[in-house]
Each structure stands twice: as C-alpha cells, then as structure tokens.
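Structure, as structure tokens:
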Amino acid sequence: MAIEVAKIELKTVKDASGLEACIAKGQFAADEVIAVIGKTEGNGGVNDFTRILADEAFRRVLLKSGRRSEAEIAKIPMVWSGGCDGVITPHATVFASNSRTGPAAKSRLAIGTAMSVELLPEDIGRPAMVEKVADAVKAAMKDAGIGDPKDVHYVQTKTPLLTIDAVIDAEKRGHDVACEVHDSMGVSNGTTALGIAVALGEIRMPKAEQICKDLALYSSVASCSSGVELTQAQIVLLGNKSGAGGRYRIGHAVMRDALDIDGIYDAIRNAGLELPERPRSDDLKGRVVNCFMKCEADKRGTLRGRRQIMLDDSDVHHHRHSKAAVGGVAAAAIGDPAVFVSVDAMHQGPHGGGPVIAIIDAGE
C-alpha cells in the first residue's frame, strides 16, 4: 500500500479545515486516512485538553466525509503532542494509504500500527510495560510488512500516564505504582522507549533498576508521548519497504544536544536526500515534508561547556525552555516552523539530545 503524507496547519485548537481541504481536492479519501501525528497549542501537561479537542475535530471530519463507522474511526491512531512553545506552529501530519504499489527496486515509506494489551497503573515504569510495548512494536512491524528492524526509522507512541484515580485503583487491587502522578508522563515515555529499543534489538531487556535511571540505554527511533485518553500503548511505526509505492521515504539520526543542527541534516540525508557538506534550508528545495524530534534539558545543567539555567527556573518549566530552543533550531534547519518537537525524551536518544526523524518527497 502506497502512503500519502500531508502536513496541515491548525488555525485554531479545533480546526480541521486543512484535513477537509485535502479530502476535497482528492489528495486522499477520508477512508484512506490511517494515522495522524500532530502538535497542539496547549501547555503540554497532564491537563492539556487541546489534544482532546484536536482529536475530536479530526475524527468528526473523517466521520462526515467517509463511510467508516464511529467505532472504526475511533481506532485510527492519532498522536497529539501538546505545547507549541517558541516558534513552533500547531499542525498535523496526516498519513493515508492507497492501493498503488511500486517497483521492488524502490524502497518507499510504509506504516504499521498496533495497540498493546492493557497497561495497568502498576505497569508504568516497570519491566511489564517494557515487555507489553515490545510485543506491540513487533506487531506494528508485521502490520507494516517490514521484517528487518534496520528498516524502521520512527516509532511514535502514545501511552497512559497516572492519574489519582488510577493510583487508587491500583491500591484497591493490592498494588503500588512506580512514581508520583506528575512524574508519570516522563516515566511512561521512558519505559515505552525501552520497549521500542528491545523490540528493534537496540538494547537487551533492561533490569528493573535501569528503567528511567540508566540513561546510556536509549532508542534512536523512539518518540513517545503519554496522556489521560487511553489505557494501552498506541503504536505508529514507520519505515521503508521495497515495492511499497508512493513518493515518500523516511530516515533518522540523533541530535547529540539541543544545538546539533547537523543531526537534523543527517536524518534528511538518511532519508535519501543529497545535501552539500554544509547545508542550508534552501538546499532542501521543499522536499522535506516534516521533521519529528524529541528533546529535554540536559540534567548536567550544561550545554557545550556553558552553564544553563532552565533546570533552575521556577517560573517556566524546563520542558518549555528545551522545546522552544530545539524548535527554533529545527525551524531554521528546514525553513518551516511547523515542526514536531516533543519533550520528556528519557531513553529517547542520547542524554541531552534526542532522535530526529525526517520524511522526504523522493519523487515518483
């Protein structure tokens, strides 16, 4: 199945007019949409309801414009990351599939999705969650028709985090939880990333005491988000597959720190676009569809030997500092502020840096 990709700007929190426009002009049909990955303009925290508003708006358009039932549309993975700090523009990247195929000699973008078994509150931050996520990632690879983990370049997930009600539920069943409610977003993301790394052979199964502690363990293709809207791990896996058809290819690299613009260009090269030794955004010639990256403040409080204050700032959370900074670097690199930058990057790329994924238009 060939994959069509469209980046759509969100004009308001509940705006899905860009999706309607793509459907109206025949870029893809409503019933061909298989996944959405987007940035919304809320606070990016546990109580960021802009994610829910955007999700509802997009699903309403698919229900109105297609033939799928509400139950079928509810199963479409839509991963919304809140917080558009700095120059980041709220937007969504929509993935649709069609029946076109291509020559076996050409490797093009393929997508697989899966849902894990239910993740219990007491699983978050523990080996049980790593194992459940790893199983779901393998299922998503099978769904994409990708057999070699080296052909996987991006695994975007959404997993549950803890709420007070979830903690009480676990206690009633005789279980404790691994962390506090407000720490659970980062812990859920980090544990999920280890599950991805295990599934793809990047690391061995970690010990319980290494989870969210040993930062030398990471995945180079994981981008993990969490929220209150689900109780399973939702997996969207992207890679390249021979004969898949379509115009698009995907690649990845890592940013070693928040200023590593070369890591962004390395991901674009890995996707298949030839660039000069010292690229600029003009060299991309509009062929980069989008870049997706994770980041967080370096816990050592330094950046290239210089002191950083974001971890000491009591007025603005360090997540917002790092997201705005990396968003600016990424926007400058590709010449477009509609970039997907998400924080809480524990076990996602090297400490102080993070994975960066690029999707390019490779042509017919």
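The values are calculated or read from the model by the stated rules, or taken from the named source; none is laboratory data. Quick caveat: nothing in here was measured; it's all calculated off a predicted structure. Don't worry about glycine lacking a Cβ; one is built from the backbone with ideal geometry, like all the others, and counts go over all protein chains shown. Keep in mind that these areas ignore ligands, DNA and RNA; they rest on the heavy atoms of the full protein, side chains included. Shrake-Rupley method; radii C 1.70, N 1.55, O 1.52, S 1.80 Å.
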TODO: Provide the FRET efficiency to the nearest 0.05 for the Met205-Val46 pair, computing r from the beta carbons and using R0 = 30 Å.
DONE: 0.55
Open item on the list: Between Val343, Val94, Val79, where does the largest GNM mean-square fluctuation fall for the chain, given springs only between Cα atoms within less than 10 Å?
Closed with: Val94
Task: Gain in span if fully extended, Arg68 to Thr302, counting 0.36 nm per residue against the direct Cα distance - done: 79.2 nm
Open item on the list: With a 1.4 Å probe and all protein chains left in place, how much of the accessible area of the stretch 232-350 comes from carbon and sulfur atoms, in whole percent?
Closed with: 44 percent
TODO: Assign unit charges at the C-beta atoms only (+1 for Lys and Arg, -1 for Asp and Glu), then state the dipole size of the stretch 154-233 relative to its Cα centre in Debye, rounded to the nearest 20.
DONE: 280 debye
Task: Separation between Cα centres of the stretch 160-205 and the stretch 276-324, rounded to whole Å - done: 26 Å
Task: Cα-based convex hull, the stretch 1-159, per residue volume (Å³, whole number) - done: 144 Å³
TODO: Among the lysines, select those whose C-alpha is under 19 Å from the C-alpha of Lys241, and discard any that sit fewer than 8 residues away in the same chain.
DONE: Lys106, Lys138, Lys142, Lys150
Task: Candidate lysines - alpha carbon under 18 Å from Lys64, same-chain residues fewer than 8 apart omitted - done: Lys14, Lys25, Lys75
Open item on the list: Pairs of alpha-carbon atoms within less than 8 angstrom and 6+ residues apart define the contacts here; what relative contact order does the stretch 143-262 have, in percent?
Closed with: 42 percent
Open item on the list: Counting only protein heavy atoms and a 1.4 Å probe, tell me what percentage of the stretch 74-141's accessible area is made up of carbon and sulfur.
Closed with: 54 percent
- [ ] First select every other residue whose beta carbon is under 12 angstrom from the beta carbon of Leu237; then total the charges, Lys and Arg +1, Asp and Glu -1.
- [x] +1
- [ ] Over the chain, give the accessible area per residue in Å² for a 1.4 Å probe, as an integer.
- [x] 43 Å²
Open item on the list: Cross-link candidates for Lys323: which lysines have Cα within less than 21 Å, leaving aside residues fewer than 8 places away along the same chain?
Closed with: Lys7, Lys11, Lys39, Lys158, Lys294, Lys299
TODO: For n ≥ 4 DSSP H runs only, could you compute -39500 (n - 2.57) per run for the chain, divide by its residues and tell me the 222 nm figure to the nearest 500?
DONE: -8500 deg cm²/dmol
Open item on the list: Connecting C-alpha atoms closer than 10 Å in a GNM of the chain, tell me which of Ile235, Ile34, Ile196 has the biggest fluctuation.
Closed with: Ile34
TODO: Kindly write out, for the stretch 109-120 in residue order, the coupling ³J(HN,Hα) from the Karplus curve 6.51 cos²θ - 1.76 cosθ + 1.60 (θ = phi - 60°), rounded to whole Hz, with x marking Gly and Pro.
DONE: 4, 10, 10, x, 10, 6, 10, 6, 5, 4, 9, 7
TODO: Quote the relative contact order of the chain in percent (integer), defining contacts as alpha-carbon pairs under 8 Å separated by 6+ residues.
DONE: 22 percent
Task: Additional length obtainable on full extension of the chain from Leu259 to Leu230, 0.36 nm per residue less Cα span - done: 7.1 nm
Open item on the list: Quick check: residue separation of Asp282 and Arg100 times 0.36 nm, minus the Cα distance between them. What number comes out in nm?
Closed with: 62.4 nm
